[in-house]
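The values are calculated or read from the model by the stated rules, or taken from the named source; none is laboratory data. Given the structure is predicted, the values throughout are model-derived calculations rather than measurements. Here the Cβ positions follow ideal geometry from the backbone for every residue, glycine too, while neighbour counts run over all protein chains shown.
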């Protein structure tokens, strides 16, 4: 178990490096291509009067997104694990009633129980190991009452661990289909060799 946790920790650092250099080196002045791509997308969405949910596993990445949005004068709301339970619904209601162009949400805090049909775009800043968690987050905009098509963007850094995680998504979705059809084994947690394969493949 200890080896597995160490590998997971290293993989997490690789994933953070894909998102923004400052997640690993806070004083870094190297720009994040992913953040640049997000800001270009945000400008495009605002020009078309679209609104978006922006998900990340890393609240530290959401902090950096906030910095960029503040500098650009973009209005947003945020919900993560530090948001008091008493404030969650008021922020959801504010977004549903037209406040903010974006809603920044941590994947774990916003995966279930929210109705955010005021958004017609969803942006995933980083892939999570379990595609079902991403699907649940995306479904926040697909709730009853949504009258527009919902477009989903996944921002990935090419030739990195993120592409390997995306391939893992395909494997896990296939497993889930097999389980539901009764033709496959129930999904087991990733083992050490599978985690190593993500890096070495």
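Summary of values
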{"quantity": "Leading residue by the ranking (surrounded by the fewest Cβ atoms within 10 Å (Cβ to Cβ)) among those in region 110-126 that are at pLDDT below 90 and touching a helix residue (DSSP H, G or I) at 6+ places or on another chain (Cβ under 8 Å)", "calculated": "112"}
{"quantity": "Qualifying residue in region 16-24 (condition: buried (at least 20 other Cβ atoms within 10 Å of the Cβ), under 23 Å from residue 115 (Cβ atoms) and touching a residue at least 60 places away in the same chain (Cβ under 8 Å))", "calculated": "no"}
{"quantity": "Subset tally (residues that are within 18 Å of residue 121 (Cα to Cα), in contact with a strand residue (DSSP E or B) (Cβ under 8 Å, 6 or more places away or on another chain) and not in a strand (DSSP E or B)) for region 92-110", "calculated": "8"}
{"quantity": "Any chance residue 53 is touching a strand residue (DSSP E or B) at 6+ places or on another chain (Cβ under 8 Å), surrounded by 20 or more Cβ atoms within 10 Å (Cβ to Cβ), in a helix (DSSP H, G or I) and at pLDDT 95 or above", "calculated": "no"}
{"quantity": "Check on residue 79, crowded, with 21+ Cβ neighbours inside 10 Å, free of Cβ contacts under 8 Å to residues at least 40 places away in the same chain and farther than 21 Å from residue 13 by Cα", "calculated": "yes"}
{"quantity": "Among (1) more than 24 Å from residue 161 (Cα to Cα); (2) more than 18 Å from the chain's Cα centre (by Cα); (3) touching a residue at least 60 places away in the same chain (Cβ under 8 Å), the one test that residue 72 misses", "calculated": "(3)"}
